[in-house]
Amino acid sequence: MASIFEKLWRLGPAAFVLKAIVAAILADALLLGFILLRRTYRKRYFAKRDARVFELRQKWDVLISGEIPYGTWRKKSFDRRIVETIALDLFEAAGAEESARLLKFLRASGLIEKRIFEARELKGWRRMRALVALGRTRAPEGIPALAEGLRDRDLETRLAALRGLGRMACPQAAEEILAWVSETGMTVPALPLQSALIQCCVERPQVLLPYVQHAKGPLRETLGRVLGEVATPSLGLDLLQFAGDDLDELRAAAARAMSHTKSGLAFDLLNELVRDPIWFVRLRAIVSLGKLSEPRVIPSLLRGLTDSNRLVRLRAAEALIELKTEMAPVFQRVVETRDRYGLHAYLTALENADLRGKLEENLQASAKIKTEVRSQLLLVLQSGTLLEEEASVPGSVLAKAAQLP
């Protein structure tokens, strides 16, 4: 009697097809079994973790105060990961007092030292995970380990270290980032670098100045953007050197920093930057001129009111309204510009500040403006359009007036 193998041999090429079908069925069965086994395991794991999280949360205050010995949970990797995750999540919404309490707990339990060790010794995704966790603690002692992560060969690891230093938001972290980019150049995308430096340099933007002066190419452009975001009035005199720089961001930074500088040189430079070809440089100059709160800035603000950029016009209008001077003469000069977009920006700022009624009262009580001009200004204020535009609209007040003999 022929065996099964002899029968398969007689089938010829069909035997290979049959074998392939059997192999596919076996492979599908094994894959399905693996999926079901994995889903069962994960279901049990998550149920166990959820129960343990609930148990630890019930005694959280006692746990972080140290009344429960750290050794009861720290030696168990399952419990240790849960406790660390809860503490790091609480950091995101904690106030100053709660953050200090959590940081004290992480230091006393040795979790920060453990993450520092892992960030220095581990490789690959384990090191990246340690760097992310270390950055979330915002512990200053983790800065050196994060700085070492910046010099890793892997881009993702460098980005994790960079974001971790950005979370520190302190000048020491900024110095480490700046020292690194000055050595290696732009080895990461510009946006994460810019974001991290903005967070770290807000407290002390002076650390940027020497690096901006010596940087070149894309790095100088990125540092210029950062300086433009964090520049403060205390840097006014230091940033005068950048008022005529070729880099747009540095001119914008200089304009922003001179907002509270009371020197005549600052006013002259801002008056020049109002004519800059780049719109955001003009915007910063207009905002800084408005903060000077002096009558001599009115011509420059009126120039900004006729700018081609909508944001510049709106900021110029807001600055004109906030000036400590009579509103009626200023409104008259706004109308005299004969710019309808500038007038709309001024009226919009007037409505936003809820000063329309005050301007109308000033116009009616102003003795410096002739009666005829005053009535025209009131008409412009009420209609929201220039006289020429109003007269061209059929049925309007001025159109009817123009038809009278």
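If you take the beta carbon distance between Trp125 and Asn352 as r and set R0 to 45 Å, what does 1/(1 + (r/R0)^6) give as a FRET efficiency, to the nearest 0.05?
Efficiency at R0 = 45 Å is approximately 0.35.
Only one item in [x] 27.6; [y] 24.8; [z] 21.1 matches Kirkwood radius over Cα pairs in Å derived from the coordinates shown, and that item is [x].
Here the 3J(HN,Hα) profile of the range 185-190, calculated from phi with Karplus coefficients 6.51, -1.76 and 1.60 at θ = phi - 60°, is x, 7, 9, 9, x, 5 Hz, Gly and Pro shown as x.
Sequentially through the range 210-225, phi angles give Karplus couplings (6.51, -1.76, 1.60; θ = phi - 60°) of x, 6, 5, 5, 9, 6, 9, x, x, 5, 5, 5, 5, 5, x, 5 Hz, Gly and Pro residues having no value and appearing as x. Could you tell me which of rounded, prolate or oblate describes the range 282-345, using a ≥ b ≥ c as the square roots of the eigenvalues of the alpha-carbon gyration tensor, with rounded for a/c under 1.5 and, failing that, prolate when a/b is larger than b/c and oblate otherwise? Cα axes put the range 282-345 in the oblate bin. Here the relative contact order of the range 75-186, from alpha carbon pairs under 8 Å that lie six or more residues apart, stands at 20 percent. The label point for Leu18 and the one for Glu92, both projected 7 Å from the Cα toward the Cβ, are 5.9 nm apart. Listed by chain and number, the lysines placed with their C-alpha closer than 21 angstrom to that of Lys291 are Lys262, Lys324; residues fewer than eight positions away on the same chain are left out. If you take every residue apart from Phe54 with its C-beta less than 14 Å away from the C-beta of Phe54, what net charge results, scoring Lys and Arg +1 and Asp and Glu -1? That works out to +2. Each of Ala108 and Gln58 was given a label point 7 Å from its Cα along the Cα-to-Cβ line. The distance between the two points is 2.3 nm.
Once the chain from Leu155 to Arg275 is taken as fully extended at 0.36 nm per residue, the excess over their C-alpha distance is 39.0 nm.
For the range 186-281, GluC sites (Glu not before Pro) meeting the loop criterion (DSSP other than H, G, I, E, B) and having at most 15 other Cβ atoms within 10 Å: Glu203. From its DSSP helices (H runs of at least four residues, each -39,500 (n - 2.57)), the chain gives a residue-normalised ellipticity at 222 nm of -23000 deg cm²/dmol. Bridgeable lysines around Lys48 (alpha carbons under 27 Å apart, same-chain partners fewer than 8 residues away excluded): Lys59, Lys75, Lys76, Lys114.
Remark: relative contact order (the chain) = 6 percent; criterion is Cα-Cα distance under 8 angstrom and separation of 6 or more residues.
Bridging of Lys123 to aspartates and glutamates at a Cα separation below 20 Å is possible for Glu113, Glu148, Asp152, Asp154, Glu156, once same-chain residues fewer than 8 apart are set aside.
Nearest 0.05, what FRET efficiency do Glu294 and Glu148 give at R0 = 51 Å with Cβ-Cβ as r? After rounding, the FRET efficiency stands at 0.50. Considering only Val334, Val22, Val297, the mean-square fluctuation computed in a Gaussian network model of the chain, springs between alpha carbons under 10 angstrom, is largest for Val22. For the options Leu63, Leu103, Leu208, a Gaussian network treatment of the chain with springs between C-alpha atoms closer than 10 Å singles out Leu63 as fluctuating the most.
If I take R0 = 51 Å and measure r between the Cβ atoms of Gln376 and Leu265 in this structure, what FRET efficiency does the formula 1/(1 + (r/R0)^6) give, to the nearest 0.05?
For R0 = 51 Å, the calculated efficiency reads 0.80.
None of the figures in this text is laboratory data; all of them are computed from the coordinates on show. Quantities reported herein were computed from a predicted structural model and do not represent experimental measurements. Because the Cβ atoms are built from the backbone with ideal geometry, glycine has one as well, and the counts that use them run over all protein chains shown.
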